[in-house]
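**Student:** Attaching a single structure in structure tokens format; questions to follow.
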Amino acid sequence: MEKINKKRKRQANNQKNISNYKKIEPITPPAPYVIVVHGPPKVGKSLLIKSLVKHYTNHNLTDDTTPGPITIVVGSGEEQRRIQFVECPNNVNGMIDASKYADAIILLIDVSYGFEMETLEFVNLLKVHGMPKLIGVFTNLDCFLNKDVKIEEMRTARFKKLFRNEIHEEAQIFCLSASDEDEKMYLEIDISKLASFILGMEFHPMSWRAANPYVLVDCFEDVTPTERLHLDKNCGRKKKPRCILPASVTSL
């Protein structure tokens, strides 16, 4: 009888510990939503990231930090969320990885040139791994400036129709023009429209990530002892990856 009472008491304590464990709230914030900025060279990817970060945080980025990953906190209250901007490299391996971990894609198109091969290849990769939220951004519109407003509206409408036919029919499209006063930033009125859309955008889990658990490594930290570096600058380096777990992944 005494053994039975001890067993019941032990089970009660275990159940109490389990209930207390469930009440503990996670200390770490949720992983940021990853927004990949893709486009051919010289299309304005770095300029777009600089302009968005400037709009959200009123902070100017340097050229060294622009490629990212850059994580910021946007919104307030219940609408507050963490967003990470990553500039997609123009190589096959980089585009394959980006198509797997991206929660949303900002696809930059140079309207003075049209759709390039890198853009079409990246869109095909997105379709294979599950199409995320896609945002189209037209740049270099300054070369088509016309005083006639109707001509400008017709030209822009033709570009948007072509984008929806060739890339994605449900994509949201924005047009960006460089500021006359500061050519290193896009016009604030254009950036504010894009930033507001990103703030209220709903992200949905991708099919590839739902079937394949993974870890996203956003940087490597050099942990080689400084004493060893002083003795031999060409010694073998030890790198420690820093990982973030995307919001849509619940287990490894």
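**Student:** Excluding H129 itself, what net charge comes from residues whose Cβ is under 11 Å from its Cβ, given Lys and Arg +1 and Asp and Glu -1?
**Tutor:** +2
**Student:** Next question, about the same structure. On a 27 Å Cα-Cα criterion, which of the cross-link pairs K50/K133; K50/K100; K161/K184 come out too long?
**Tutor:** Beyond 27 Å between Cα atoms: K161/K184.
**Student:** Still on this structure, please answer the following. Per-residue HN-Hα couplings for the range 131-141, Karplus 6.51 cos²θ - 1.76 cosθ + 1.60 at θ = phi - 60°, whole Hz, x for Gly and Pro?
**Tutor:** These are the phi-based 3J(HN,Hα) values: 5, x, 4, 10, 10, x, 10, 8, 10, 6, 6 Hz.
**Student:** What nm value, rounded to one decimal, do you get for the distance between L199 and R155 when each label is placed 7 Å out toward the C-beta?
**Tutor:** So the two model labels end up 3.1 nm from each other.
**Student:** So if each residue of separation counts as 0.36 nm, and I subtract the Cα-Cα distance between K42 and L231, what length gain in nm does that give?
**Tutor:** 63.9 nm
**Student:** So for each of 191-199, 155-163, 94-102, 32-40 I average, over its residues, the number of other beta carbons within 10 Å; can you give me the resulting order with the highest mean first?
**Tutor:** In descending order of packing, they fall as 32-40, 94-102, 191-199, 155-163.
**Student:** Something else now. Looking at this model, which pairs from K42/K233; K160/K193; K45/K233 are more than 27 angstrom apart at the alpha-carbon?
**Tutor:** Flagged as over cut-off: K42/K233; K45/K233.
**Student:** With θ set to phi - 60°, apply the Karplus curve 6.51 cos²θ - 1.76 cosθ + 1.60 along the range 54-62 and write out the HN-Hα couplings as whole Hz, x wherever there is a Gly or Pro.
**Tutor:** 4, 5, 6, 10, 6, 10, 8, 8, 8
Values in this text are rule-based calculations from the coordinates and carry no lab data. All of these numbers come straight from a predicted model, not from anything done at the bench. All Cβ positions, glycine included, derive from the backbone under ideal geometry; neighbour counts span all protein chains shown.
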